[in-house]
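Structure record follows, encoded as structure tokens.
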Amino acid sequence: YIGIGEAKNNRVKQKDSINKISKKNTREDWIFDIILYTIGVLLIIITLYPMYFIVIASFSDPAAVSNGQIMFLPKGVNFKGYKQLASYAKLWTGYRNTIAYVIMGTLVTLVVNIPASYALSRKHLYGRRFFTAFYLIPMFFTGGLIPTYLAVQRFHLLDTFWVMVVPFSVVTYYIIVGRTFFNNSIPEDLWEAAQLDGCGYLGFFFKIVLPLSKAVIAVIALWAAVGQWNSFQDTLIYITDQKLYSLQYLLYTYLNQASSLATMVQQSGGNVSAVANLATQQTPTSIRMTISVIVVLPILFVYPIFQKSFVKGIMIGSVKG
């Protein structure tokens, strides 16, 4: 009985000590959660506030925006900036061109980079090291603008739709990301099993590999689409036909015109012709905010569709095994 009593006492003591430890851990965890959530909320505010400021500044009084009177709430709400941009006839042409560039450029990028990354991931590829170096070297050592322009000119791509799609579709970084995914996710045993069922290289790639690679396809498609949407320099260098101008280039020229007109108004004391009416109604700062909203808004609608795949894609290669 004495031994049984001691055992019970020991169990009670152990339970008490466990309860004390659990209470202590719970209190520490509670403090840690408060600190963690506080930091998280601050980071969210720091990240979202600039975007929020741009939105409220785009439909606030231009004078209040220029004077720095806008902080958290809009003042003098008006939509003159959006109305003026909507009346800019070339804007809709730029939208149409940019959407076409994004769709076709993303498709071409996927068609070019996904098969290349899969081929480089296979160990039985003859000359694998040579082709890997062939892709990697131009990533660090490029020919420069003049040789690139001459090459585009030789292929008769200047002032064409395809100059915005074809010349820069091969991206070494996309190939590296895809190769890493295929190395970690598509084992050789799967290829051997497909061979036993009579599946060839093309059948294995289209019927097995691609359905299993939705994450990497989605993330590369998103990167390509965003890059194509923000493309500005290519239009500036390779296109002179106004019918082929991209949205970003048109908005850039529009902003420059507004800034020039505003400067003319200031220098002349406001006595300029009606051509400068735009500058007197909207300041360059206000126009810049409106343009930023118009450029970013479509991407904000597209991103949630690919969010899950994007998160998976950016984690490719971060965990080995």
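The values are calculated or read from the model by the stated rules, or taken from the named source; none is laboratory data. Quantities reported herein were computed from a predicted structural model and do not represent experimental measurements. Cβ placement follows ideal geometry from the backbone for every residue including glycine, while neighbour counts extend to all protein chains displayed. To get the accessible areas, we keep the full protein, side chains included, count just its heavy atoms, and leave off ligands, DNA and RNA. Shrake-Rupley method; radii C 1.70, N 1.55, O 1.52, S 1.80 Å.
Going through TYR101, TYR82, TYR135 one at a time, which residue ends up being in a helix (DSSP H, G or I), open to solvent by less than 80 Å² (accessible area, probe 1.4 Å) and farther than 25 Å from GLN248 by Cβ? Please lay out each step first, then the result.
On the way: TYR101 fails: farther than 25 Å from GLN248 by Cβ; TYR82 fails: farther than 25 Å from GLN248 by Cβ.
Result: TYR135 is the single residue among TYR101, TYR82, TYR135 that is in a helix (DSSP H, G or I), open to solvent by less than 80 Å² (accessible area, probe 1.4 Å) and farther than 25 Å from GLN248 by Cβ.
Go through (1) out of contact with any Ser or Thr (no Cβ under 7 Å at 6 or more places or on another chain); (2) more than 14 Å from THR109 (Cα to Cα); (3) open to solvent by less than 50 Å² (accessible area, probe 1.4 Å) one by one and return the number of the condition PHE181 breaks.
(1)
Only one of these is surrounded by 13 or more Cβ atoms within 10 Å (Cβ to Cβ) and either basic (Lys, Arg) or more than 27 Å from ALA218 (Cα to Cα) (or both): LEU107, LEU157, LEU120. Name it.
LEU157
Say whether the condition of being over 20 Å from the mean Cα position of the chain (by Cα), over 21 Å from ASP241 (Cα atoms) and not in a helix (DSSP H, G or I) is met by at least one residue in the stretch 155-177.
Checking the stretch 155-177: not a single residue is over 20 Å from the mean Cα position of the chain (by Cα), over 21 Å from ASP241 (Cα atoms) and not in a helix (DSSP H, G or I).
Considering only the stretch 208-221, I want to know if a residue exists there that is surrounded by fewer than 13 Cβ atoms within 10 Å (Cβ to Cβ), free of Cβ contacts under 8 Å to residues at least 24 places away in the same chain and over 30 Å from PRO298 (Cβ atoms).
No, the stretch 208-221 contains no residue that is surrounded by fewer than 13 Cβ atoms within 10 Å (Cβ to Cβ), free of Cβ contacts under 8 Å to residues at least 24 places away in the same chain and over 30 Å from PRO298 (Cβ atoms).
Please indicate, with yes or no, whether at least one residue in the stretch 85-108 is touching a Phe, Trp or Tyr at 6+ places or on another chain (Cβ under 7 Å) and either modelled with pLDDT under 75 or among the acidic types (Asp, Glu) (or both).
Within the stretch 85-108, one or more residues are touching a Phe, Trp or Tyr at 6+ places or on another chain (Cβ under 7 Å) and either modelled with pLDDT under 75 or among the acidic types (Asp, Glu) (or both).
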